[in-house]
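Right, one structure below, let's go through it.
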Amino acid sequence: RCEEEDVEMTEDAYAVLTRIGLETSLRYAIQLITAASLVARKRKGAEVGVEDIKRVYSLFLDESRSTQYMREYQEAFLFNELQGESMETP
């Protein structure tokens with residue numbers, strides 16, 4: 001995928017991205033490539049490094065971490081206030 005998007009990546013970054021793909025999903029890992037490339041470009045780097053991968057990993061949640069976040073903070077969301085009320089409009 002990196003070749004297709006013309007993204008140069010260090011071997012360590014490949015290893016971190018591979019681990020992320022194994023622990024989350026291949027789709028999520030592939031999406032991180034583009035975002036990490038943009039982060040590397042912003043810092044004027046020639047190739048994506050581990051720090052770039054870590055940065056985008058902290059910014060964009062995978063399905064599992066997103067679900068966990070929603071469960072932890074569900075009381076703060078609007079849908080919790082509507083519980084018990086009818087969702088239909090009159």
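The values are calculated or read from the model by the stated rules, or taken from the named source; none is laboratory data. Since we're looking at a predicted model, the values are computed, not measured. Quick reminder, even Gly has a Cβ in these numbers, built from the backbone with ideal geometry, and neighbours come from all protein chains shown. The area values use the complete protein model at the heavy-atom level, side chains included, leaving out ligands, DNA and RNA. Shrake-Rupley method; radii C 1.70, N 1.55, O 1.52, S 1.80 Å.
For the reader, a short list of remarks on this structure follows.
- Only Lys, Arg, Asp and Glu carry charge here, each on its Cβ (+1 for the first two, -1 for the last two); on that basis the range 2-86 has a dipole of about 260 debye about its Cα centre.
- Calculated FRET value between residue 69 and residue 38, using beta carbons and R₀ = 25 Å, to 0.05: 0.60
- Normalised by the number of residues in the range 2-86, the average gap of Cα pairs under 8 Å and 6 or more apart makes the relative contact order 29 percent.
- In nm, spacing of pseudo-spin labels at residue 46 and residue 58 (7 Å Cα→C-beta vector): 2.6
- Rounded accessible area of residue 12 (nearest 10 Å², 1.4 Å probe): 100
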